[in-house]
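Peer 1: The structure follows.
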């Protein structure tokens, strides 16, 4: 059984979107979209990361997940690369959207939308 099948998920429901997160055409295409999971791996400047977390975090349904790449700069540890301080600072945009940090794996932080 595939990992998708073992969790009663269908790979057919996976949607990949290519483009810059600030592209008006892409944003228009995604205007009404809602997701169970979003992986944000984008701009490493604080303003760009904050835009990505705010824009795409709002599209995560309650109970869904947002994975923030390169966002563990403030965590203790020395045996792994922890990401960028600017991306980590931008994480403050997630709490007002109802996200809580539930797990950290290397430079990735996993948030669940609880409200």
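The values are calculated or read from the model by the stated rules, or taken from the named source; none is laboratory data. The structure presented is a predicted model; accordingly, all values stated were derived computationally and were not measured. FYI the Cβ positions are ideal-geometry reconstructions off the backbone, even for glycines, and counts take in every protein chain you see.
Peer 1: Among what's in region 21-59 and is assigned to a loop (DSSP other than H, G, I, E, B) and within 23 Å of residue 72 (Cα to Cα), pick the residue that is farthest from the chain's Cα centre (by Cα).
Peer 2: In this case the residue turns out to be 45.
Peer 1: For region 12-33, how many residues are on the phi < 0 side of the Ramachandran plot and surrounded by 10 or more Cβ atoms within 10 Å (Cβ to Cβ)?
Peer 2: Matching residues across region 12-33 total 10.
Peer 1: Are any of the residues in region 72-85 in contact with a strand residue (DSSP E or B) (Cβ under 7 Å, 6 or more places away or on another chain), surrounded by 11 or more Cβ atoms within 10 Å (Cβ to Cβ) and within 20 Å of residue 35 (Cβ to Cβ)? So that I can check it myself, show each step before the final result.
Peer 2: Applying the first criterion (in contact with a strand residue (DSSP E or B) (Cβ under 7 Å, 6 or more places away or on another chain)) to region 72-85 yields 72-73, 75, 83.
After this cut, where a residue has to be surrounded by 11 or more Cβ atoms within 10 Å (Cβ to Cβ) as well, the list is 72-73, 75, 83.
In the following step, the residues that additionally are within 20 Å of residue 35 (Cβ to Cβ) were identified as none.
Checked region 72-85: no residue is in contact with a strand residue (DSSP E or B) (Cβ under 7 Å, 6 or more places away or on another chain), surrounded by 11 or more Cβ atoms within 10 Å (Cβ to Cβ) and within 20 Å of residue 35 (Cβ to Cβ).
Peer 1: Any idea which residue in region 86-106 is surrounded by the most Cβ atoms within 10 Å (Cβ to Cβ), counting only those that are modelled with pLDDT of 95 or more and in a loop (DSSP other than H, G, I, E, B)?
Peer 2: 94
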